[in-house]
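Reading through the structure tokens given below for one structure.
Please treat every number below as a calculation from the coordinates, not as lab data. If you're wondering where the values come from, they're calculated on a predicted model, not measured in any experiment. Heads up, the Cβs are rebuilt from the backbone with ideal geometry, glycines too, and the neighbour counts pull from every protein chain shown.
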Amino acid sequence: MLSGEEGVAAVIAQRLNAGERPIVDTFLGYNVGWFYPVAFLFKIAGPDYLLMRCWFFLLGLFAGLTAFATILRATSRTLVAMLGGIAVIVMPGVIGRNYMGLLGILGMLGLLGVFIISPKRTLTRFLWMIGTGISISLAWLVRIDLGFFQSILFVLALLLLLLKPEAGLPKRIAHSAVALAILAGAFLSIQIPAYRDATIRGFGPQYTQQYWIWPIIIRDELKQVSMAFLESLHPIFSPSPVTSTHVAATATVSTSSLPPSVSLEESAAEKNSASYSNTSLKRPSLYDILRAQKFKDRIFALLIYLPLPVSLLFVIWGFSLVIRSLISKEASLWQRGGILLVSTGSALVLFPQYFFWRPDMVHLAEFMVPFMVTLIIGISLAVDGWKKTCGVSRACLLFIIIAASLDLGVYLVKGWQTDGDGSIAASRRRHLEFSALHGIRVKLNPQELSLDTLLRDTILSHSKPGEFVVCYPYFPMVNFMTDRPSYEYNLYADNAIPKEQFFAKAKANILRFHPAVIVIGTGRINDTESSRFQNWASDTYGYIREHFRLVASDNEVEIYAR
């Protein structure tokens, strides 16, 4: 199958190799470290889909090996660690976004090794610090939000080490100071060359500015979510619309502004979703766990929400162990509590991007890569504790085991059957061969083959090499597989963009660049009727229909040519 994420990575890598400046000339969405490896591979061997896919598969394999090492270090159980590593390898997340799960597990392993389960030898501890510093610094270079959250977790783990109930506080202070200094040194050793390169290539100010923008984005998103939650508790908390640097969002769908094709019933369904913005992907309601019409939708809702109570149980249990250790001066309790807190926190680094921003199976799978490791570690520790306790403590641990096992078990069953998890399910019913430019040779199902063949043949027959092909709202793989450039700064667009603003920019670009072909996806990009392109971008849609010829179409796309 051909994914949009791979298309974005490929097209942006081509743009970078052609001399375009990140952030200035082309929108990244992530940091430069996401795209530089693919651009490097393309620079050596030329644009090649198989080569790029091998890179992402390699990241998934490395994530599985890191999961094995993490579970083994936390539980000392080889078989359990092997099974956990295999689970990550067979369900590494959608191909094209494998950085996310890998960075989550790397951060977990590093923090455990530096602060919670530190080796006895000084040189080995020093090497753990260097590895962890490099891992977190690379996270900043790939996804700023991941580096931001992991750095906060690093400081929290450092403080937890200082509370360890045993002699040697001066040594722990020195250990923490050295670890902090190495993290700072690793960050600077990676960021300074990246900044110098950005300055030489002409995007230095934009490169540094994004490091200040991300905390603001996170702050605005948290504000919107908290206000939406308070509003759900009582109307008195209903806020005025908040303008975010990330999403211009409102809490409800105004029926007066609905396109004619969006019914009042569909509007009500959008308002009743759990998402805080009608311009974001709908999150299923908590009630869908019991009331959704389809069983698969109930399972999906369960998987979306179940990590919340399970994480809360792990955190409460971890804190209780740490507090007990401070009272009893028992270091083993502190270590178990620290393992729970650090492993849970490391997985929750990826929680916001699936739960608040894109609550779908693709982004849930990214979170579940490190969270599977957390669940396995938590279940293992709970089983150990259950064997040694009795009474209320044993009942509480049994409840934790059941909750965590339910989350892990349901996800393994669901994930094994879902394309978005990167599992073998991606090959299910895909037996028809499809080929295109840049080494694309994949197997598709009949519907995908029909669509991709239509796109490939229509675009190649109505455009020449070098002529622009524009896709709305999101078909980046089209440009790569036909070797036709796009002039759009951002390869993604949805109804978070005001329609008048989008129309003005789209019209100006069409008049300036004269695209040979325009591809329009007619589906619901945010799973709502208002997010269909012909609804939220009706002015742009009408302009294209007026000035271009419809040359091909099916249920998912319309293709227009000059």
For this session: Only Lys, Arg, Asp and Glu count, each charged at its Cβ (+1, +1, -1, -1), so figure out the dipole size of the stretch 1-118 about its Cα centre, rounded to 20 debye.
Result: 280
Problem set entry | Karplus 3J(HN,Hα) series, Hz, for the stretch 453-469 with 6.51 cos²θ - 1.76 cosθ + 1.60 (x for Gly, Pro) | 5, 4, 4, 4, 5, 5, 5, 5, 7, 10, 8, 10, x, x, 6, 7, 10
Exercise. Along the charge dipole of the chain, which of 352, 503, 338 sits closest to the positive end, that is, farthest toward it, with unit charges on the beta carbon of Lys, Arg, Asp and Glu (+1, +1, -1, -1)?
Worked result: 338
Problem set entry | Top positive-direction residue, dipole computed over the chain with Cβ charges, set 557, 60, 205 | 60
For this session: Could you tell me how many degrees, from 0 to 90 and to the nearest 10, lie between the Cα long axis of helix 36-45 and the main elongation axis, the longest principal axis, of the Cα atoms of the chain?
Result: 60
Exercise. In percent, how large is the relative contact order of the stretch 443-561, given Cα pairs closer than 8 Å and 6 or more residues apart?
Worked result: 27
Seminar exercise, completed: Within the under-9-Å Cβ sphere about residue 93, not counting residue 93, Lys/Arg +1 and Asp/Glu -1 give a net charge of -1
Seminar exercise, completed: Proxy exposure order for 329, 505 (fewest C-beta within 10 Å first) is 329, 505
Exercise. Just from the alpha-carbon atoms, what are the Rg and Dmax of the stretch 45-98 in angstroms?
Worked result: 13.4, 44
For this session: Given the peptides 343-351, 199-207, 4-12, 152-160, arrange them by the average over their residues of other C-beta atoms within 10 Å, most packed first.
Result: 343-351, 4-12, 152-160, 199-207
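If we sort 282-292, 70-80 on the protection proxy, mean other Cβ atoms within 10 Å, highest first, what's the order?
On the way: 282-292: 16.4, 70-80: 18.7.
By packing density, highest mean first, the sequence is 70-80, 282-292.
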Seminar exercise, completed: Listed by chain and number, the residues whose amide H is under 5 Å from that of residue 471, excluding neighbours fewer than 5 places away on the same chain and using placed H, are 519
Exercise. Any idea what log10 I(q)/I(0) is at q = 0.13, 0.14, 0.15, 0.16 Å⁻¹ for the stretch 344-454, Debye with uniform C-alpha scatterers and no solvent?
Worked result: -0.67, -0.73, -0.79, -0.85
For this session: Tell me the label-point distance for the pair residue 464, residue 296, using the 7 Å Cα-to-Cβ offset, in nm and rounded to one decimal.
Result: 4.6
For this session: Give a residue-ordered list of calculated ³J(HN,Hα) values for the stretch 155-160 (Karplus: 6.51 cos²θ - 1.76 cosθ + 1.60, θ = phi - 60°; whole Hz; x for Gly, Pro).
Result: 5, 5, 5, 4, 5, 5
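With an 8 Å Cα cut-off and a minimum separation of 6 or more residues, compute the relative contact order for the stretch 1-145 in percent. Before the final figure, lay out the partial values.
On the way: 156 pairs, mean separation 37.7, N = 145.
Normalised by residue count, the contact order of the stretch 1-145 is 26 percent.
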Problem set entry | Cα extents of the stretch 60-130 along the three principal axes, largest first (Å) | 39, 26, 15
Exercise. Just one of (1) -0.27, -0.94; (2) -0.51, -1.01; (3) -0.33, -1.10 is log10 I(q)/I(0) by the Debye sum over Cα atoms at q = 0.06, 0.11 Å⁻¹ calculated from these coordinates, so which is it?
Worked result: (3)
Seminar exercise, completed: Computed over the chain: longest principal axis from alpha-carbon atoms vs helix 49-75 long axis, angle to nearest 10 degrees, is 20
Exercise. What whole-number value in cubic angstrom gives the convex hull volume per residue for the C-alpha atoms of the stretch 443-561?
Worked result: 101
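Treating the beta-carbon of each Lys and Arg as +1 and of each Asp and Glu as -1, no other charges, what is the dipole magnitude of the chain about its Cα centre, to the nearest 20 debye?
Numbers: 50 positive and 39 negative charges, 367 e Å.
Once rounded to the nearest 20, the dipole reads 1760 debye.
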Problem set entry | Percent RCO, i.e. relative contact order, over the stretch 327-387, from Cα pairs under 8 Å lying at least 6 residues apart | 36
For this session: Could you list the residues of the stretch 67-103 with an amide nitrogen less than 15 Å from a label point located 7 Å from the Cα of residue 387 in the Cα-to-C-beta direction?
Result: 75-81
Exercise. Ranked highest first by average number of other Cβ atoms within 10 Å, how do 97-105, 446-454, 127-135, 547-555 line up?
Worked result: 97-105, 127-135, 446-454, 547-555
Exercise. At 4 °C and 1.567 mPa s, what whole-number value in µm²/s does Stokes-Einstein give for the translational diffusion of the stretch 403-471, with Rh from the Kirkwood sum over Cα pairs?
Worked result: 88
Exercise. Which angle from 0 to 90°, rounded to the nearest 10, does the C-alpha axis of helix 538-547 make with the longest principal axis of the chain?
Worked result: 40
Problem set entry | Percent antiparallel among DSSP beta bridges (both partners in the chain, rounded to 5) | 75
